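**Q** What follows is a single structure, and I will ask about it in a moment.
Every read-out reported here was derived from the displayed coordinates using simple, explicitly stated rules and does not represent laboratory data. Just so it is clear, the structure is predicted and the values come from calculations on it, not from any experiment. Using ideal geometry, Cβ is built from the backbone for each residue, glycine included, and neighbour counts are taken over all protein chains shown.
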Amino acid sequence: MSQAQSRSCGPARAGGVRTAAEPTAAPTAAEPAVEVTTGRPPELLRLPGGLWLRRRRSTHAVALNRAVRANLDHLRPWLEWAAEAPTRARTAELTRAGSAAWEAGTDFMYLAGLDTDPGGVIGALGLHGRLGPGALEIGYWVAAGHVGRGIATAAAGALTEAALALPGISRVEIRCDRANTASAAVPRKLGYRLDRIAEAAVRAPGETGRQLVWVRERRPHPGEPAIGGRRP
């Protein structure tokens, strides 16, 4: 996966789920992006312990670039884009593309940080509209110095709820390589079900090509048809 097209579960352990460390690249004329929801998730989510998730903007490019470069060894086993250190210009370019994707309703990119270090970045996450209608995929990575503290679980949980509250979204997925056991623990703790194990191209050194696909679906509101058109 390219730096622009990071896929979800990268390290929680090392860096992420096919993750969202870098924003999705701007759509090409041949493959136009399609708005997946008419709504938009909150731009700021405050979580217990002083953890926050903030919409990623161009002003964050320097801090993000610094965090990525400091965590390359941690991220490289699971994330293809971590093979090489990004330049500041490249991170700025991708951040601008991510901002445009947010406005277009195709991808929603976040940075994670702590109140104790307002300008710092301890991870990156995203809600990605690459699954087709009605679904979003969560990607994430957490910096090496902050793993094992429940940050990935808390952040992914907040994004799960935000995603399922959006108009037209009934399913959220988290995908990670079978060998990335720490990342796989996140959806399990959040009540996702393991839908299937899929074959996938090996794009990073730690991958096996066996991808776990975790799914969580929105429960219908009272009186609303169940997902798939049936009433409970």
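**Q** Rounded to whole Hz and in sequence order, give me ³J(HN,Hα) for the stretch 42-55 from the Karplus expression 6.51 cos²θ - 1.76 cosθ + 1.60, θ = phi - 60°, writing x for Gly and Pro.
**A** Calculated HN-Hα couplings, in order: x, 7, 9, 10, 9, 10, x, x, x, 7, 9, 10, 10, 3 Hz.
**Q** Sticking with this one: Report the FRET efficiency, 1/(1 + (r/R0)^6), for Thr116 and Thr181, where r is their Cβ-Cβ distance and R0 is 25 Å, rounded to 0.05.
**A** So, using R0 = 25 Å, E works out to roughly 0.30.
**Q** Continuing with the same structure: Under a crude label model (7 Å from the Cα following the beta-carbon direction), how far is Asp73 from Leu164 in nanometres?
**A** Taking the simple label geometry, Asp73 and Leu164 are separated by 3.9 nm.
**Q** Can you give the extra length, in nm with one decimal, that the chain gains between Arg196 and Thr59 once fully stretched, where that is 0.36 nm per residue apart less the Cα-Cα distance?
**A** 45.4 nm
**Q** Quick check on the stretch 44-217: take the gyration tensor over C-alpha atoms, sort the square-rooted eigenvalues as a ≥ b ≥ c, and tell me if it's rounded (a/c under 1.5), prolate or oblate.
**A** Taking the square roots of the gyration eigenvalues as a ≥ b ≥ c, the stretch 44-217 is rounded.
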